[in-house]
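Notes follow once the structure below has been shown.
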Amino acid sequence: MDSLRVARVDHVQLDQYLPPITASSASSSASTPSTKPTRHRRTGTLHLTPHHLIFSETSTSKASEPEIWIPYPSITLMTRLPQNIQGLYPVRIETRYFNNYIMSFEKDREGGAEDVWQSVKDSAVKTSVHQLHAFFYHDPHSSRSADSSIAKGWTIYNPRQEFARQGLGSKTKSWRFTDINKDYSFSPTYPAKLAVPTRISDSTLSYAAKYRSKARIPALTYLHWANSASITRSSQPMVGLKNSRSAQDERLVECIFSTHLYPDAAYASPIYGATTTNLIIDARPTTNAMANVAMGAGTENMENYKSGKKAYLGIDNIHVMRNSLKIINEAIRDAETKPAGVLDRGLLRKSNWLKHISTILDGSLLIIRNIHLNASHVLIHCSDGWDRTAQLSAVAQICLDPFYRTIDGLAILIEKDFLSFGHKFLDRSGHMSSEKLFIEAEGEEDSDEEGVGAQKAAQAFFASVQKQFRGTSHLKETSPVFHQFLDCIRQIQRQFPERFEFNERYLLDIFYHLYSCQFGTFLFNNERERQNTTPGPSYVERTASVWDYLHQSRSTYLNESFDSELDRQRDDQGVLLFDPKDVQFWFRLFRRGDEEMNGSPLTLAQAQGAEMLGPLGAGQEDPITPSPTIASIARAVSPPSSWSLTDTNPVSTENGSTIGPSSTPRRAGGGGGVGGGWGWSQFSTGAFNAVSSAAREIKSISTDAIAQLKAEANEVDGDWRREPTATTLANGRTATGVETTYAPYTRQAVRIPSESNPWSTDSQIQPNTNRFASTATNDNSIKAVSTSPREEVARNNTINGTLTHGQAQKQTQFPPARPQGLNARLPSATNPWATMSSTPTPTLTPPPPSNMIRSTTPHASGPGQRSDISSSLSDLKLIDKSNTDTMISRSASDNGGRADAKKDMVHGGGNSDDDVVRAAMGDDKKAWDPLGAL
């Protein structure tokens, strides 16, 4: 009561939309049937309690309306609205039951709208589960056993009795109970009693638990009465980018898939007409599974689980489902705020709610067919195995076993597959609420009161500071998982109305108490929290069970059209094979009209079913499993570790071979069957699409850069050509021949290279060849006919005797014949970087840096002038150790006044490209060639 500013407010005006009146209810109440909700207004008194908001109508008539009880945890949004035109102060309340109310108060403060809004906010936001209504409620009709203080509703599900009813121990002895988790230390989110294969020891389970997320190993949840086929459930394996594996987990799954073949089983041989298709069901979309691989988890590599196949169901995660329901809430809110009150079907279509329901039903039907028709086993998991896994397992069991279609059977199914196996009811239902659900709508400020604006600004400041210290991350964990499960039951019940003992009202009341927090059944995340192993009475002793409350009114929930004989007389043997495309909005739960929500165009557009991938077996490509190349890269960047039992996956080499114990053969090139590579073409959206696009862009950029470098080199070297020339010798004789000239390179933003192109490659270069073709006898009197300024400078230098004796001697040699072909190019004798494609060149060690000297040839001679040392690469000289008389000389003038003589090179030992490149670049190849084009 400390959080309540006001306990009672009189003369409160309440506006709400009442659900449509059906024909059956109209006949009993003498009312007119309607297809849309009708707005109803009444005035009464509002009572505030620590756990409820209660409205009672003030009426003089005898037939007064029943009270309205609003549990605080059911409030999804409470908004303070500005003063309306009637002078009242309204507050809008939206609930998880799709009941929306507008309460108008005569005053804003002093027992008015603000005090009510603040009181509900302080009472709804909890910091501990002990503050919820269930710990203060005592059911007077709750029945308890004589030797225990626990209500009978808490003991409605007994694991040994339930699995014995399914046939464990009688029809088959292939399964056993284990107490490895009796104190919840093995897996805190699993039940204390687990059913596992008989041939698996507890020691093996301990090792297998390390390979499954949250240690949620594959455990039995259903044994089919007809053929001993099983439904097991688990969490995702911890595969990761390393493509890890566990021999113990593989052995456990293998034993599960072969339990019906044991001699003690009901069927020692396969059933005739049945095709063995043991399935591993991954409920997630492939994109989500890929994201989990990057975080160290993932999905099974079917090369290691050869006894089964795998299928992806494509059921979206909890965040997508939460947003889907949020859009439906927006559509209902917009319909109630508009004068016409028309529900926007476009928003309903945008929500994809029916598509999600159809996807769950489609995956459940796949499990049902594989269990009943194929007499095979199914292992189900999603990420952690407590949301989508529980939905698929429970829906499939309702259709496989007629017992679960009874009132008691449904309660046992919910206790087993949701409560016992750790569905997070506390987080998914949002029982603790949050301050973010209580907002104030912006309105006009009251300028008559001084300091009102400053006061609200101060309150907003302190509220922002408090939000930093109060976490709201639990709101991101809310999701209508159990709501969707009840919706799926309703879809099947609508198709088979005579096969269910309970009616629709039973499902609606279960949904109501999911958020009422009146009972302790749906308050906890797992069995361990509910048992409360800390000193003191357990939570089951301090709270009541919802099943005791509901079963007190058992006659109310009986289905009048139910016929139990149909399960024995029909050819389907009691197994319901429904149509997953035949889905409709559960209009009574949403408190709307059937015609208003379910139109045929909308239904056909929504019910598209699941986009499943699979089944995938050994030898088939799995788009999720990392390829051996990626796995080897992941192992390379991680610190080395010794081989362990839980990580025995071999490291693949580049040629497809494997290193390590128990290596699995793979295709060369990293194929490897299921683990044969990442299916880049399988994904078009999400994170995987972004990674794929980035990889393609990087590859394209690098390819274009290398192609550009090669193109530039070809343009430079392609302009070399041989032209007839006349050479005048010093003795007056004229020699004719062929001279290779270089056409000036006019590409913009690229420096024109000298005649000795150091970056070009030539496949036909020969050692000891000369670019000049002439007949000469005088070594020091060569005069070339040229009209270019560079040739003029070279001629002057020749006349002045600047050429060395060896260079003049080499210029008298005749060039080799021109190569044939369109793409043939005369090699450059002075190209030190040219390679021989036809003749391999032996590799030599690079010359030391001391052999690299700069040319000190002066530009001009004169007193007081020093030699101009160029800082460009063209001034480098390479001296061959094997022949000190020959060297490579390239001269270029920075000022244009120095001669650029045509010199060539004599290869003393035939250095390789890498040696010459390192020699010219100073052993820093990356500084000149970052893309590795050379």
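Remarks
- A protection proxy built from the mean count of other Cβ atoms within 10 Å ranks the segments 550-556, 305-311, most packed first, as 305-311, 550-556.
- In Å², nearest 10: area of residue 377 left accessible to a 1.4 Å probe: 0
- Distance in nm between pseudo-label sites at residue 699 and residue 326 (7 Å out along the Cβ direction from Cα): 3.7
- Potential extension, residue 178-residue 706 segment - 0.36 nm per residue separation minus Cα distance: 183.8 nm
- In this structure residue 103 has an accessible area near 0 Å², from a 1.4 Å probe over the protein heavy atoms.
- On the beta carbon distance between residue 294 and residue 58, with R0 = 51 Å, the FRET formula returns roughly 0.25.
- Of the trypsin sites (Lys or Arg not before Pro) found in the stretch 98-134, those that fall in a DSSP loop while having at most 12 other beta-carbon atoms within 10 Å are 109.
- Rounded FRET efficiency, nearest 0.05, which uses the C-beta distance separating residue 587 from residue 350 and R0 of 25 Å: 0.90
- Legend: distances between Cα atoms for 310/476; 214/306; 107/476; pairs beyond 27 Å are 310/476; 107/476.
- Distance between the pseudo-spin-label points of residue 494 and residue 84 (7 Å out from Cα toward the beta carbon): 3.3 nm.
- Burial order of peptide ranges 283-290, 78-85 (average beta-carbon count within 10 Å, highest first): 283-290, 78-85
- Here each label is just a point 7 Å from Cα along the line to Cβ, and for residue 554 and residue 319 those points are 4.6 nm apart.
- Paramagnetic reach from residue 342 (point 7 Å along Cα→Cβ, amide N under 18 Å) across the stretch 33-57: 35-39
- Chain lengthening between residue 35 and residue 226 when straightened (0.36 nm per residue, less Cα-Cα): 64.2 nm
- Computed from the Cα positions only, the extents of the stretch 513-599 along the three principal axes stand at 53, 38, 27 Å, in decreasing order.
- Fully extending the segment from residue 477 to residue 107 would add 129.5 nm, taking 0.36 nm per residue of separation and subtracting the current Cα-Cα distance.
The values are calculated or read from the model by the stated rules, or taken from the named source; none is laboratory data. Keep in mind the model is a prediction, meaning the values are calculated, not measured. We place every Cβ from the backbone using ideal geometry, glycine too, and count neighbours over all the protein chains shown. The area values use the complete protein model at the heavy-atom level, side chains included, leaving out ligands, DNA and RNA. Shrake-Rupley method; radii C 1.70, N 1.55, O 1.52, S 1.80 Å.
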